[in-house]
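*Asks:* Before we start, here is the structure in question, set down as structure tokens.
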Amino acid sequence: KGLVKIPVRARGMVRAGTTLFLAGVPDVVPADDPYAAFEGRKGALLWAVSTEDGKKLAEYKIETPPVFDGLIAAGGRLYMTTTDGKVVCMGKAD
């Protein structure tokens with residue numbers, strides 16, 4: 001298997017079954033504002049990646065980056081704590 005580059009500076013990762021979820025700021029360094037992504041001004045990304053082959057299953061743009069180690073998967077849902085103090089729940093509605 002080859003190396004798979006994921007353009008996210010992961011602040012949180014969690015595995016749920018055969019899916020790895022990664023959330024963090026984009027792995028970019030804009031010339032006009034080198035710290036923009038690192039400081040969260042470029043928003044954030046949530047990726048779902050196959051643990052079998054590293055292929056991207058889904059990508060979501062999120063407004064605010066997660067806190068460090070701020071992801072958890074439970075009960076078929078993904079929970080994320082963000083740097084603006086929110087807890088976001090993603091998953092199937094009942």
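*Asks:* May I ask you to give the percent of accessible area on the chain that is carbon plus sulfur, with a probe radius of 1.4 Å? Walk me through the numbers before you get to the answer.
*Replies:* Details: 3480 of 6250 Å².
The nonpolar share, carbon plus sulfur, comes to 56 percent.
*Asks:* Defining a contact as two alpha carbons under 8 Å apart and six or more residues distant in sequence, what relative contact order in percent does region 45-86 show?
*Replies:* Values: 48 pairs, mean separation 12.0, N = 42.
Taking the mean separation of contacting Cα pairs over the length of region 45-86, I get 29 percent.
*Asks:* Counting just the Cα atoms, what span does the chain cover along each of its three principal axes? Round to the nearest Å and put the largest first.
*Replies:* Its Cα atoms span 42, 37, 19 Å along the three principal axes.
*Asks:* Under a Cβ-only charge scheme (Lys and Arg +1, Asp and Glu -1), can you give me the dipole magnitude of region 8-94 about the Cα centre, in debye to the nearest 20? If you can, show how the numbers build up before the last one.
*Replies:* Working: 11 positive and 11 negative charges, 44 e Å.
I would put it at about 220 debye.
*Asks:* With a 1.4 Å probe and all protein chains left in place, how much accessible area per residue does region 32-94 have, in Å²? Write down the numbers at each step before the final one.
*Replies:* Details: 4270 Å² over 63 residues.
For region 32-94, the solvent-accessible area averages 68 Å² per residue.
*Asks:* With an 8 Å cut-off on Cα pairs and a minimum separation of 6 or more residues, tell me the relative contact order of the chain in percent. Before the final figure, lay out each step's value.
*Replies:* Working: 189 pairs, mean separation 20.8, N = 94.
Relative contact order of the chain: 22 percent.
The values are calculated or read from the model by the stated rules, or taken from the named source; none is laboratory data. On a predicted model such as this, the values are computed, not experimentally measured, just so you know. Cβ atoms come from the backbone with ideal geometry, glycine included; neighbour counts cover every protein chain shown. Quick note on the areas: whole protein, heavy atoms, side chains included, nothing else; ligands and nucleic acids left out. Shrake-Rupley method; radii C 1.70, N 1.55, O 1.52, S 1.80 Å.
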